[in-house]
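A.B. asks: Below: one structure in structure tokens.
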Amino acid sequence: MNSDKLALPVGTTLDRFIMRKQEDFPYATGELSQLLRDIALATKIVNREINRSGLIDIAGAYGNRNVQGEDQQKLDVIANIRFIRALRNGGEVCTIISEEDDELIQTGNNQGKYVVAIDPLDGSSNIDVNVSIGTIFSVYRRVSPTGREGTVADCLQPGTHQVAAGYVIYGSSTMLVYTTGNGVNGFTYEPSLGEFFLSHPDITTPATGTIYSVNEGSSESFSSGVTAFLQHCKKEAFSGRYIGSLVADFHRNLLKGGIYLYPATAKNPKGKLRLMYECNPLAFIVEQAGGRSSNGQRRTMEIEPQAHHERCPVFIGSKDLVLQAEAALAAETNEA
Ligand code: AHG
Ligand code: MN
Ligand code: MN
């Protein structure tokens with residue numbers, strides 16, 4: 001029987017799920033599968049560090065050092081080190097874009113066919129207050145020949161070229177959600193077993209919703225179109241929900257229906273969020289789940305990136321709500 005006709009049951013382990021999905025592509029070499037497993041492994045380590053983070057200061061008071069003899073470091077630095085190490089050891093990735101590194105990271109795996117863009121720890125201002133945080137990643141196939149370092153052209157591909165994307169939410173439970181362009185699946189971590197299990201098969205997002213998520217502290221500098229859209233949300237008595245961890249806000253809205261927006265503001269005239277490792281991966285996931293992501297004028301994934309840390313405004317979530325936000329912005333342009 002053809003394995004792609006079989007829906008994998010809830011409770012399937014992530015490893016098995018990845019393996020079975022690979023069988024749908026008879027010529028797949030297994031490298032992308034291995035890359036996803038590398039990320040999952042790093043995720044487990046980062047999850048452990050996060051769970052202990054409340055103890056770091058206490059451990060620090062005793063002059064604690066880790067097994068390498070390094071001083072305790074901030075969690076976003078730790079997460080960055082863990083993901084880079086896992087991807088370097090895996091061998092499938094030639095180059096990494098990380099929020100934590102200004103320059104491209106060459107892994108030394110010049111035969112690696114893939115490029116990864118990653119936000120190792122998203123929502124870092126929430127670490128100290130014990131609120132959900134996350135990791136976001138995106139995978140591209142390199143366009144330059146193998147055998148040498150990855151190039152800028154390999155790293156600046158539009159989101160439509162993504163071959164996989166995902167996020168991890170370190171919340172009341174830890175979940176990994178990912179897509180390879182064939183639907184979205186979510187896995188919940190069972191810490192005592194050290195395994196992710198399929199818990200949310202084939203996630204679809206509601207076409208509309210009643211949640212809007214935005215940092216309204218910046219509303220004085222929102223454009224008239226954004227303000228009009230938010231007025232509409234309030235008139236309809238939507239719930240305002242904003243955690244301040246993009247992954248957590250996105251995840252809730254994905255499951256419940258809603259819209260997350262981070263528009264241009266006086267402080268961040270191009271928006272705050274980063275195209276390559278925040279907006280594009282979540283755009284791929286939301287589209288695969290039936291939703292939409294836009295910079296207000298056009299589909300996020302069609303933006304041609306100019307720089308690997310570039311920012312862009314984002315309107316992401318339920319399709320109808322994103323379309324309404326885009327219409328409000330278009331009306332503002334027409335008025336001008
Ligand atoms: P990071 O921790 O990776 O720098 O990302 C923080 C981002 C995102 O998670 C969140 O939605 C947004 O910043 C919050 O920004 P404001 O504090 O401006 O609302
Ligand atoms: Mn982030
Ligand atoms: Mn971050």
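A.B. asks: For segment 107-126: of the residues being within 17 Å of Tyr242 (Cα to Cα) and in contact with a strand residue (DSSP E or B) (Cβ under 6 Å, 6 or more places away or on another chain), which is nearest to ligand 2 (Cβ to nearest atom)?
C.D. replies: Asp122
A.B. asks: Among the candidates Ser138, Ser218, single out the residue that is within 30 Å of Glu335 (Cβ to Cβ) and in contact (Cβ under 8 Å) with a residue 24 or more places away in the chain.
C.D. replies: None of the other options fit; the residue is Ser218.
A.B. asks: Checking Ile169 against (1) more than 19 Å from Lys21 (Cβ to Cβ); (2) outside any strand (DSSP E or B), only one condition comes out false. Which one?
C.D. replies: (2)
A.B. asks: Any residue that is modelled with pLDDT under 95, surrounded by fewer than 21 Cβ atoms within 10 Å (Cβ to Cβ), outside any strand (DSSP E or B) and within 16 Å of ligand 3 (Cβ to nearest atom) - is there at least one of those in segment 58-69?
C.D. replies: no
A.B. asks: Mind counting the residues in segment 130-158 that are closer than 27 Å to Val77 by Cβ and either within 11 Å of ligand 3 (Cβ to nearest atom) or among the small types (Gly, Ala, Ser) (or both)?
C.D. replies: Result for segment 130-158: 7.
A.B. asks: Name the residues in segment 217-242 that are outside any helix (DSSP H, G or I) and either surrounded by 13 or more Cβ atoms within 10 Å (Cβ to Cβ) or not polar (S, T, N, Q) (or both), would you?
C.D. replies: Phe222, Ser223, Glu236, Ala237, Phe238, Gly240, Arg241, Tyr242
A.B. asks: Then there's this: Being within 14 Å of ligand 3 (Cβ to nearest atom), within 12 Å of Val139 (Cα to Cα) and touching a residue at least 12 places away in the same chain (Cβ under 8 Å) is the requirement here; does Ile127 meet it?
C.D. replies: Against the criterion (within 14 Å of ligand 3 (Cβ to nearest atom), within 12 Å of Val139 (Cα to Cα) and touching a residue at least 12 places away in the same chain (Cβ under 8 Å)), Ile127 does not qualify.
A.B. asks: Can you find, within segment 82-103, the residue that is surrounded by the fewest Cβ atoms within 10 Å (Cβ to Cβ) among those that are touching a residue at least 60 places away in the same chain (Cβ under 8 Å) and within 16 Å of ligand 1 (Cβ to nearest atom)?
C.D. replies: Asp102
A.B. asks: Let me ask something additional. Please verify whether Val247 is touching a helix residue (DSSP H, G or I) at 6+ places or on another chain (Cβ under 9 Å), hydrophobic (A, V, I, L, M, F, W, C) and over 20 Å from Gly166 (Cβ atoms), treating the condition exactly as stated.
C.D. replies: No; evaluated as a whole, the condition is false for this residue.
A.B. asks: Another question, then. Can you list residue pairs whose Cβ atoms sit under 7 Å apart, with the first residue in segment 104-121 being within 16 Å of ligand 1 (Cβ to nearest atom) and the second being among the acidic types (Asp, Glu)? Count only pairs 6 or more apart in sequence or on different chains.
C.D. replies: Asp119/Glu99; Asp119/Glu278; Pro120/Asp76; Pro120/Glu99; Pro120/Glu100; Leu121/Asp76
A.B. asks: When Tyr212 is evaluated against the numbered criteria (1) in a loop (DSSP other than H, G, I, E, B); (2) within 16 Å of ligand 1 (Cβ to nearest atom), which criterion, by number, is the only one it fails?
C.D. replies: (1)
A.B. asks: Just to verify a result, which residue in segment 252-278, among those that are more than 11 Å from ligand 1 (Cβ to nearest atom) and hydrophobic (A, V, I, L, M, F, W, C), is farthest from Val152 (Cα to Cα)?
C.D. replies: Among those residues, the one meeting the criterion is Leu255.
A.B. asks: Among what's in segment 105-135 and is acidic (Asp, Glu) and crowded, with 24+ Cβ neighbours inside 10 Å, pick the residue that is nearest to His308 (Cα to Cα).
C.D. replies: Asp119
A.B. asks: For Leu282, indicate whether it is in a helix (DSSP H, G or I) and within 16 Å of ligand 3 (Cβ to nearest atom).
C.D. replies: Yes; evaluated as a whole, the condition is true for this residue.
A.B. asks: Just to be sure before I move on: is Gly186 part of a strand (DSSP E or B), more than 16 Å from ligand 3 (Cβ to nearest atom), of a type in the set (Gly, Ala, Ser) and not assigned by TED's automatic domain parsing to the domain that holds Ile303 in the structure I sent?
C.D. replies: yes
A.B. asks: Which residue is farthest from the chain's Cα centre (by Cα), if the candidates are limited to segment 1-14 and must be surrounded by 15 or more Cβ atoms within 10 Å (Cβ to Cβ) and either at pLDDT 95 or above or over 24 Å from Gly194 (Cα atoms) (or both)?
C.D. replies: Checked segment 1-14; the qualifying residue farthest from the chain's Cα centre (by Cα) is Thr12.
The values are calculated or read from the model by the stated rules, or taken from the named source; none is laboratory data. The model shown is predicted, which means the values in this text are computed figures rather than measured ones. Neighbour counts are summed over all protein chains in view; Cβ atoms, including those assigned to glycine, are modelled from backbone coordinates with ideal geometry.
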